[in-house]
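Engineer: Just passing along the structure, written as structure tokens.
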Amino acid sequence: MASLSVKPGQRFTLPDWQNNSLLISADAEQQRYTSHHIRQEGRALRNETGNQARWDEHNNRTRLNDRITSVDRWREVLARCLTDIDLEIDALTKVKEAAENALQAKNLCLDVAIECLTFRESRRDIDVVRDPVEEELHREVKVIEKTKRELQQRVDEAFKQLCLLKETRQQLSCDHRHKVETLELDRQCLSFNVTSGNISFKVNPTRIPDGTTALREWELNSQCNKERAETEMRASVELRGAIMLTIAQTNNELDAQRIATEFALRKRIRDMEGALSELKWQEQNTLEEIAEMEEEIRQLEEHLRKRTLDLKVAHTRLETRTYRPHIELCRDQAQFGLTDEVQQLEGTIRALQQKRTESQDALDALYRQLHRIQTDIGYKTNSLQLDNKCMDTRRKLVVPVEKFDPEVDAVNRTRNLPRNSQLELA
């Protein structure tokens with residue numbers, strides 16, 4: 001016969017079962033409520049974070065755009081400064097070269113002045129004078145050396161200013177290059193989006209890199225570079241004006257001194273030609289006087305010879321009459337006449353001899369004076385030739401060197417100049 005098996009374990013009552021169902025129901029309601037609340041919070045969070053992310057991305061995109069605009073504006077400013085400073089460097093370089101050329105040109109002026117002084121050192125004897133020409137030449141040497149010092153100073157200043165400009169340009173170029181690189185990076189950042197293939201997580205991306213500067217410091221750096229470039233360019237413009245003024249002033253001073261020197265040299269040449277003309281006139285007159293004096297001495301000697309013959313005749317007559325015999329040897333009128341004639345002839349001969357001596361002395365003096373005149377003519381001729389050489393040499397100051405054709409032989413020009421003389425520029 002079959003028996004009923006009963007499960008072992010606890011038995012719940014119906015109220016327990018009902019309570020359990022109610023509890024499950026209540027828990028389900030509570031869980032659905034909680035889930036609904038969480039879903040609502042999740043939806044709100046998604047909306048809020050999505051909006052926040054979109055706005056943050058939009059704001060940062062705007063900030064990047066603003067930053068790109070700001071950096072690009074400074075890039076343009078620095079680019080203009082670079083262009084201006086390049087133009088100023090070229091302009092100052094040309095002015096510096098002009099000053100160097102002017103300085104180089106002064107070497108020719110100095111060589112000509114010293115060559116003229118060297119020529120004039122070959123003057124001889126009385127012509128070695130400290131005349132206005134020599135004073136003007138020494139003054140010209142001083143003016144040339146002064147202008148060379150001024151031009152050299154300007155060249156040095158231009159060189160230093162060029163160094164400052166190039167240093168400033170290097171800073172500007174470096175700043176400009178950095179801004180170009182920054183623009184490229186920021187524009188690359190602006191192009192990133194969620195679909196970009198090169199986005200990834202980075203290690204500690206919010207770190208502050210070494211060397212990071214504040215925005216104010218960045219602005220001040222660019223502003224300082226710009227202001228320094230403008231300051232150096234203003235200084236360069238002022239220096240260019242000063243250099244051109246110095247070149248003009250030194251050229252004017254040198255031209256004025258050159259004109260004064262050549263005026264004095266021309267005047268000296270005219271004076272020398274006048275002195276030569278006077279000396280040649282004196283030489284001609286002296287030669288004529290010498291010829292007349294020689295003729296006079298010849299006439300005196302001829303007259304003296306005749307008077308000597310007359311005296312011989314008178315002496316012979318007197319001596320012959322001493323041989324008259326006895327009473328015939330008397331002092332008659334013929335005796336007195338012959339005696340007077342002898343005395344007169346002897347006085348005449350003495351006077352003629354004295355006059356011949358005086359005439360010979362005068363002739364010797366005339367020869368000495370003629371030699372002095374001819375020597376002085378040689379000195380003056382030499383000095384005139386030297387001054388004409390100086391004038392010919394000074395043509396190099398107004399005639400291009402390649403077209404200069406000296407009027408005298410360049411080989412013989414300094415043939416008579418002292419080889420080991422030291423020119424003293426007083």
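Engineer: Can you confirm whether Gln223 is farther than 30 Å from Ala102 by Cβ, assigned to a helix (DSSP H, G or I) and modelled with pLDDT of 85 or more?
Structural biologist: Yes; evaluated as a whole, the condition is true for this residue.
Engineer: Right, next: Give the residue, chosen from Ala158, Ala53, Ala102, that is in a helix (DSSP H, G or I), in contact with a helix residue (DSSP H, G or I) (Cβ under 6 Å, 6 or more places away or on another chain), farther than 30 Å from Asp175 by Cα and aliphatic (A, V, I, L, M).
Structural biologist: Ala102
Engineer: Are there any pairs with C-beta distances below 7 angstrom linking a residue in segment 116-141 that is closer than 24 Å to Ile373 by Cα and in a loop (DSSP other than H, G, I, E, B) to a residue that is open to solvent by less than 10 Å² (accessible area, probe 1.4 Å) and small (Gly, Ala, Ser), with the two at least 6 apart or on different chains, and if so which?
Structural biologist: Listed by first residue and then by second, the contacts come to Arg123/Ser383.
Engineer: Name the residues in segment 286-333 that are polar (S, T, N, Q) and within 60 Å of the chain's Cα centre (by Cα), would you?
Structural biologist: Selection gives Thr286 alone.
Engineer: So which pairs qualify, if the first residue must be in segment 350-364 and part of a helix (DSSP H, G or I), the second must be open to solvent by 60 Å² or more (accessible area, probe 1.4 Å) and among the acidic types (Asp, Glu), the Cβ gap must be under 7 Å, and the two must be at least 6 apart or on different chains?
Structural biologist: Arg356/Glu301; Ser359/Glu296; Leu363/Glu294
Engineer: Follow-up. Hey, does segment 104-126 have a residue that's under 30 Å from Asn225 (Cα atoms) and crowded, with 21+ Cβ neighbours inside 10 Å?
Structural biologist: In the first step, residues of segment 104-126 are kept if they are under 30 Å from Asn225 (Cα atoms); the result is none.
The answer is no, given that none of the residues of segment 104-126 is under 30 Å from Asn225 (Cα atoms) and crowded, with 21+ Cβ neighbours inside 10 Å.
Engineer: Residues to consider are Val342, Val313; find the one that is open to solvent by less than 50 Å² (accessible area, probe 1.4 Å) and farther than 30 Å from Ala291 by Cβ.
Structural biologist: Of the residues listed, the single one that is open to solvent by less than 50 Å² (accessible area, probe 1.4 Å) and farther than 30 Å from Ala291 by Cβ is Val342.
Engineer: Is segment 410-417 home to any residue that is at pLDDT below 90, assigned to a loop (DSSP other than H, G, I, E, B) and touching a helix residue (DSSP H, G or I) at 6+ places or on another chain (Cβ under 7 Å)?
Structural biologist: Among the residues of segment 410-417, at least one is at pLDDT below 90, assigned to a loop (DSSP other than H, G, I, E, B) and touching a helix residue (DSSP H, G or I) at 6+ places or on another chain (Cβ under 7 Å), which makes the answer yes.
Engineer: Tell me, which residue of segment 236-285 that is acidic (Asp, Glu) and within 27 Å of the chain's Cα centre (by Cα) is surrounded by the most Cβ atoms within 10 Å (Cβ to Cβ)?
Structural biologist: Per the criteria, the residue is Glu262.
Engineer: Can you find a residue in segment 372-383 that is under 30 Å from Glu136 (Cβ atoms) and among the aliphatic types (A, V, I, L, M)?
Structural biologist: Yes - at least one qualifying residue is present in segment 372-383.
Engineer: Then there is this: Please determine, by comparing only the residues of segment 318-349 that are assigned to a helix (DSSP H, G or I) and of a type in the set (D, E, K, R), which one is farthest from Gln284 (Cα to Cα). Steps first, please.
Structural biologist: Residues of segment 318-349 assigned to a helix (DSSP H, G or I): 318-321, 326-328, 333-349.
From what's left, of a type in the set (D, E, K, R): 319, 321, 328, 340-341, 346.
Values: Glu319: 51, Arg321: 55, Glu328: 63, Asp340: 45, Glu341: 43, Glu346: 38 Å.
For segment 318-349, the residue satisfying everything is Glu328.
Engineer: Does segment 321-339 hold any residues that are free of Cβ contacts under 8 Å to residues at least 24 places away in the same chain and among the hydrophobic types (A, V, I, L, M, F, W, C), and which are they?
Structural biologist: Residues of segment 321-339 free of Cβ contacts under 8 Å to residues at least 24 places away in the same chain: 321-337, 339.
Matches in segment 321-339: Ile327, Leu329, Cys330, Ala334, Phe336.
Engineer: Looking at Ala91, is it among the small types (Gly, Ala, Ser), part of a helix (DSSP H, G or I) and surrounded by 17 or more Cβ atoms within 10 Å (Cβ to Cβ)?
Structural biologist: So Ala91 fails the test.
Engineer: Further, regarding this structure: Out of Arg368, Arg324, report the one residue that is of a type outside the set (A, V, I, L, M, F, W, C) and surrounded by fewer than 11 Cβ atoms within 10 Å (Cβ to Cβ). Reasoning before the result, please.
Structural biologist: Numbers: Arg324 fails: surrounded by fewer than 11 Cβ atoms within 10 Å (Cβ to Cβ).
Within the list Arg368, Arg324, the selection yields Arg368.
Engineer: Could you identify the single residue in Ala214, Ala248, Ala229 that is among the hydrophobic types (A, V, I, L, M, F, W, C) and in contact (Cβ under 8 Å) with a residue 60 or more places away in the chain?
Structural biologist: Ala229
The values are calculated or read from the model by the stated rules, or taken from the named source; none is laboratory data. A quick note: this is a predicted structure, and the numbers were derived from the prediction, not measured. Virtual Cβ from ideal backbone geometry, glycine too; neighbours counted across all protein chains shown. All accessible areas refer to the heavy atoms of the entire protein, side chains included, with ligands and DNA or RNA removed. Shrake-Rupley method; radii C 1.70, N 1.55, O 1.52, S 1.80 Å.
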